[in-house]
Amino acid sequence: AQSVAQPEDQVNVAEGNPLTVKCTYSVSGNPYLFWYVQYPNRGLQFLLKYITGDNLVKGSYGFEAEFNKSQTSFHLKKPSALVSDSALYFCAVRDFNKFYFGSGTKLNVKP
Amino acid sequence: NAGVTQTPKFRVLKTGQSMTLLCAQDMNHEYMYWYRQDPGMGLRLIHYSVGEGTTAKGEVPDGYNVSRLKKQNFLLGLESAAPSQTSVYFCASSYGDNTQYFGPGTRLTVL
């Protein structure tokens, strides 16, 4: 069965420090993986995706994600966090025409 | 471009009432989706459409119906609302079946 797990409900990081938001997935076939960000009372915004190719994917706002097939992971990273990065982050996997989302991780970046 | 718009933004229903949520996109996307977002559960796919005149069930379709009579519009109907359908509903569209563009959401409360 297809699924996405985000093991941390919340991640706290100080501004200027690196951040990681974790995601693991389970899908049959080759995974199509996505990260989205949601600010309060807004819809989701696309950050980045992995379809094929280089395991390190670069996206919007300085975010990047590393695809690891052996560990079935797709962790979101940023070298230096900003207070404005504070939001809810969702990992998603596509299986044919359907998308499955993780439960979300709230990122708190403190000044 | 307005992108993806949703009508209404808020609605309160009594149990047993019916309503229709409208999603419109001006990006000429083939694919459209309806999700519900509940705390701690991420987004769950209700129904989706791969083109005008076509619809298919997602992960949680019970109690909902959809129609895609025009390419730019995707309607979500609740025939007899139940308190369990209290949620935030998001519509999304995509070109092909990859990156999704989300609407701002509709907050529905069923009393």
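The values are calculated or read from the model by the stated rules, or taken from the named source; none is laboratory data. Here the structure is a predicted model, which is why all the values come from computation and not from measurement. Virtual Cβ from ideal backbone geometry, glycine too; neighbours counted across all protein chains shown. What goes into the accessible areas is simple: the full protein's heavy atoms, side chains included, and nothing from ligands, DNA or RNA. Shrake-Rupley method; radii C 1.70, N 1.55, O 1.52, S 1.80 Å.
Scanning segment A:1-29 for residues that are of a type in the set (S, T, N, Q) and within 13 Å of another protein chain (Cβ to nearest Cβ) yields A:GLN2, A:SER3, A:GLN6, A:GLN10. Restricting A:LEU48, A:LEU88 to those that are assigned to a strand (DSSP E or B), in contact with a helix residue (DSSP H, G or I) (Cβ under 8 Å, 6 or more places away or on another chain) and either surrounded by fewer than 12 Cβ atoms within 10 Å (Cβ to Cβ) or not basic (Lys, Arg) (or both) reduces the list to A:LEU48. The number of residues in segment B:73-90 that are without any contact (Cβ under 8 Å) to a residue 60 or more places away in the chain, open to solvent by 40 Å² or more (accessible area, probe 1.4 Å) and over 11 Å from the mean Cα position of the chain (by Cα) comes to 2. Filtering B:LYS70, B:LYS9 for residues that are under 25 Å from A:LYS106 (Cα atoms) and loosely packed, with under 14 Cβ neighbours inside 10 Å leaves a single hit, B:LYS9.
Considering B:SER67, B:SER49, B:SER18, which residue is of a type in the set (Gly, Ala, Ser) and in contact with a Lys or Arg (Cβ under 8 Å, 6 or more places away or on another chain)?
B:SER49
Note on segment A:1-25: residues that are part of a strand (DSSP E or B), open to solvent by 50 Å² or more (accessible area, probe 1.4 Å) and either farther than 16 Å from A:GLY59 by Cα or not hydroxyl-bearing (Ser, Thr, Tyr) (or both) amount to 4.
Within segment A:34-45, the set of residues being buried (at least 20 other Cβ atoms within 10 Å of the Cβ) and either assigned to a strand (DSSP E or B) or touching a residue at least 40 places away in the same chain (Cβ under 8 Å) (or both) comprises A:PHE34, A:TRP35, A:TYR36, A:VAL37, A:GLN38, A:LEU44. If you go through segment B:26-36 and keep only what is more than 9 Å from every other protein chain (Cβ to nearest Cβ) and either over 19 Å from A:PHE34 (Cβ atoms) or open to solvent by 10 Å² or more (accessible area, probe 1.4 Å) (or both), you end up with B:ASP26, B:MET27, B:ASN28, B:HIS29, B:GLU30, B:ARG36. The set of residues in segment A:41-100 being within 13 Å of chain B (Cβ to nearest Cβ), within 21 Å of A:VAL13 (Cβ to Cβ) and small (Gly, Ala, Ser) consists of A:GLY59, A:SER60.
Residue by residue, here is whether (1) within 11 Å of chain A (Cβ to nearest Cβ); (2) touching a helix residue (DSSP H, G or I) at 6+ places or on another chain (Cβ under 7 Å); (3) of a type in the set (S, T, N, Q) holds:
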{"position": "B:GLN17", "(1), (2), (3)": "no, no, yes"}
{"position": "B:ASP38", "(1), (2), (3)": "yes, no, no"}
{"position": "B:SER49", "(1), (2), (3)": "yes, no, yes"}
{"position": "B:THR54", "(1), (2), (3)": "yes, no, yes"}
{"position": "B:ASP62", "(1), (2), (3)": "no, no, no"}
{"position": "B:VAL66", "(1), (2), (3)": "no, no, no"}
{"position": "B:LYS70", "(1), (2), (3)": "no, no, no"}
{"position": "B:ASN73", "(1), (2), (3)": "no, no, yes"}
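Counting only residues that are within 12 Å of another protein chain (Cβ to nearest Cβ) and surrounded by fewer than 18 Cβ atoms within 10 Å (Cβ to Cβ), segment B:100-111 holds 2 of them.
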